[in-house]
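Novice: Please read through the structure below; I'll follow up with questions.
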Amino acid sequence: MAERLAEELETSVGDAVGYQVRFTSEVSADTDIKLMTDGILLAEIQRDPQLKKYSAIIIDEAHERSLNIDVILGYLRRLLPSVQT
């Protein structure tokens, strides 16, 4: 997915578009779009409970329903009122 998105944006993976999965990370200080697994997002929440380094979060495949996705959606639902201005 990151490769396709980077191609569409005429950049390379690890520059404006990056990804992180278990044991592999292709991101840099210049990364604007980061694709990640639900497990990685849960780890991000532990490190940064307000998810301040993200301006938007898109959850894909949420219809597949897993405990991780349910926890993330519930967490984001509670977090959203505190970040809206």
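Novice: Take residue 39 and decide whether it is closer than 19 Å to residue 71 by Cα and among the small types (Gly, Ala, Ser).
Specialist: yes
Novice: Another one. Being in a loop (DSSP other than H, G, I, E, B) and surrounded by 13 or more Cβ atoms within 10 Å (Cβ to Cβ) is the filter here, so list the residues in the range 13-40 that pass it.
Specialist: 14, 15, 16, 27, 31, 37
Novice: Does the range 29-50 hold any residues that are under 18 Å from residue 12 (Cβ atoms), hydrophobic (A, V, I, L, M, F, W, C) and over 10 Å from the mean Cα position of the chain (by Cα), and which are they?
Specialist: Within the range 29-50, just 29 meets the criteria.
Novice: Which pairs do you get when a residue that is not assigned by TED's automatic domain parsing to the domain that holds residue 59, found in the range 1-27, comes within reach of a residue that is among the aromatic types (Phe, Trp, Tyr) and not in a loop (DSSP other than H, G, I, E, B), reach meaning Cβ atoms under 8 angstrom, with the pair 6+ apart or on two chains?
Specialist: These pairs meet every condition: 1/19; 2/19; 13/19; 25/19; 26/19; 27/19.
Novice: I need the full set of residues from the range 57-85 which are assigned to a loop (DSSP other than H, G, I, E, B), over 16 Å from residue 27 (Cβ atoms) and not acidic (Asp, Glu), in order please.
Specialist: Those that are assigned to a loop (DSSP other than H, G, I, E, B), over 16 Å from residue 27 (Cβ atoms) and not acidic (Asp, Glu): 58, 59, 65, 66, 84, 85.
The values are calculated or read from the model by the stated rules, or taken from the named source; none is laboratory data. A quick note: this is a predicted structure, and the numbers were derived from the prediction, not measured. Virtual Cβ from ideal backbone geometry, glycine too; neighbours counted across all protein chains shown.
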